1. Of all residues in region 42-75, which are among the polar types (S, T, N, Q) and more than 21 Å from Ser151 (Cα to Cα)?
2. Can you tell me which residue in region 132-173 is nearest to Ala41 (Cα to Cα), limited to those that are β-branched (Val, Ile, Thr) and surrounded by 15 or more Cβ atoms within 10 Å (Cβ to Cβ)?
3. Might you check whether a residue that is basic (Lys, Arg) and modelled with pLDDT of 95 or more occurs anywhere in region 107-123?
4. Give region 29-69 a look and list any residue that's loosely packed, with under 14 Cβ neighbours inside 10 Å and either on the phi > 0 side of the Ramachandran plot or of a type in the set (D, E, K, R) (or both), or say none.
5. Condition check: modelled with pLDDT of 90 or more, under 27 Å from Gly163 (Cβ atoms) and hydroxyl-bearing (Ser, Thr, Tyr). Does Tyr52 satisfy that?
6. Is it the case that Phe100 is closer than 30 Å to Lys173 by Cα and in contact with an Asp or Glu (Cβ under 6 Å, 6 or more places away or on another chain)?
7. Of all residues in region 132-151, which are assigned to a helix (DSSP H, G or I) and under 12 Å from Val30 (Cα atoms)?
8. So how many residues does region 93-124 have that are over 16 Å from Asn39 (Cα atoms) and either touching a residue at least 24 places away in the same chain (Cβ under 8 Å) or of a type in the set (D, E, K, R) (or both)?
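The values are calculated or read from the model by the stated rules, or taken from the named source; none is laboratory data. Since the structure is predicted, the reported quantities are computational estimates derived from the model, not experimental observations. FYI the Cβ positions are ideal-geometry reconstructions off the backbone, even for glycines, and counts take in every protein chain you see.
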Amino acid sequence: MIILITGSIILSMGFGCGKNLQETSPGMAVYKTKDDYFNNAYCFMKKNGDIYMYPSFYNPRHHSIDTRIKISDKDTTYTLRVKLIDGYILAGEWSKNMVFLDWTFKEYLNYELKHNTAYIPLTVLKDHILDKDPFLELYYDPNRPRKYEFSDTALINQMIRKGELDKYFEKIK
């Protein structure tokens, strides 16, 4: 079986509206969780327990894997999270309503591949919720265009060292 790794044309074109990705993308988040969920898949869940968003990394129609997932000989990694110092994470996809699953990204993608689907039943996702309230701290960049990118990890680490995250990011929790 041949799997094509394709770029996200929509993302690279700035959602087709003539703006670059930075102008249209939501701000980055910096967070710290109760446990190490760096490699765990996620979904977004309302307070009433309804899941309202979950990612899809496989496109069965084109037999392609999303560029947010990087597959190497040894691992499958999610490219929109970067480890910072002191247990903080810099994230490109996030929500204050994010919950973590007991699946790694590799297990999540393997489910999609095994079932040849981009849609995981909500009951299956609910059965795999590991932590419904994972955040100890959560900050986000409210700027449009967003001010910080993954290339700014040294700068953000310096903010953490100085205890100044809330000076540059809006604190949610």
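1. Asn48, Ser56, Asn59, Ser64, Ser72 - these are the residues of region 42-75 that are among the polar types (S, T, N, Q) and more than 21 Å from Ser151 (Cα to Cα).
2. Thr153
3. Within region 107-123 (the criterion being basic (Lys, Arg) and modelled with pLDDT of 95 or more), the answer is yes, since at least one residue qualifies.
4. Lys34, Asp35, Asp36, Lys46, Lys47, Gly49, Asp50, Arg61
5. no
6. Yes: the conditions hold for Phe100.
7. Matches in region 132-151: Phe150 only.
8. Count: 12.
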